[in-house]
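Accompanying notes for the structure given below.
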Amino acid sequence: MTYETDKEVLGFVPEYQRIAGILGPAARVCEIGVLNGLGLTMLQDMYPQGTVAGVDFSPASRWPEGTIRIVTSQDDPALPAILSKQSEQWDLFIDDASHKGHLTKATFNLLWPLVAPGGFYVIEDWFIGSPLWPSTGCWGGAPVGSAEAVSSYDPELLHVVQDLVLLLDKPYCGVGTPGQLANSEAESVSFRYGMAIVRKTTA
């Protein structure tokens, strides 16, 4: 099945299908950055028995019928409490919001504690922080390399995504007893074009 969302164009859908296969049809999922609601429609299809929520600062965004509508900024300190009213834990968060480094980091820090064991946190479109973006990127229908694309460039976003690797840091233990993971509880961090995927430990 194909989806109208740009996640299809960018090649993200197979990865989301893989994650859906792990989480099952009744997972609790939330997308940060709703806009036209096409991403939420995709999630409804992948999780037909699940809870699907969308967070956006703009009340003019479109929430498909059957999804949970949350209107607030992605770095709102109250966001975890708002989401916890729907579910204390979530199986998948997708940050497809501002693509600004400081906001992306703030959102991760707020929502990572709500990720259920074995759940996932995805940051989309990190290529906006890539050195290639100002000359090769396009944004909101703007021409490639346009002033609008250049103004969307945020190298801090790339730094935030790269720093996710540090979630796996733990004391080196050589050939002895394996050390414990850091307090982040991150089991793995993986990357593909435009997607950074963090999975929480299952235990």
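Every number here is computed from the coordinates shown, using simple stated rules; none is lab data. All of these numbers come straight from a predicted model, not from anything done at the bench. Every residue, glycine as well, gets a Cβ built from its backbone with ideal geometry; the counts of neighbours run over all protein chains shown.
A cut-off of 5 Å between modelled amide H atoms, ignoring neighbours fewer than 5 places along the same chain, links GLU187 with ARG199, LYS200, THR201.
Once backbone amide H atoms are built at 1.01 Å from N, ALA53 has VAL29, CYS30, GLU31, ILE68 as its partners under 5 Å, excluding neighbours fewer than 5 places away on the same chain.
With 10 angstrom as the radius, rank TRP133, TRP112 by how many other C-beta atoms surround their C-beta, starting from the fewest. Could the numbers behind the result be given before it?
Working: TRP133 23, TRP112 18.
Ranking TRP133, TRP112 by Cβ neighbours within 10 Å, fewest first, gives TRP112, TRP133.
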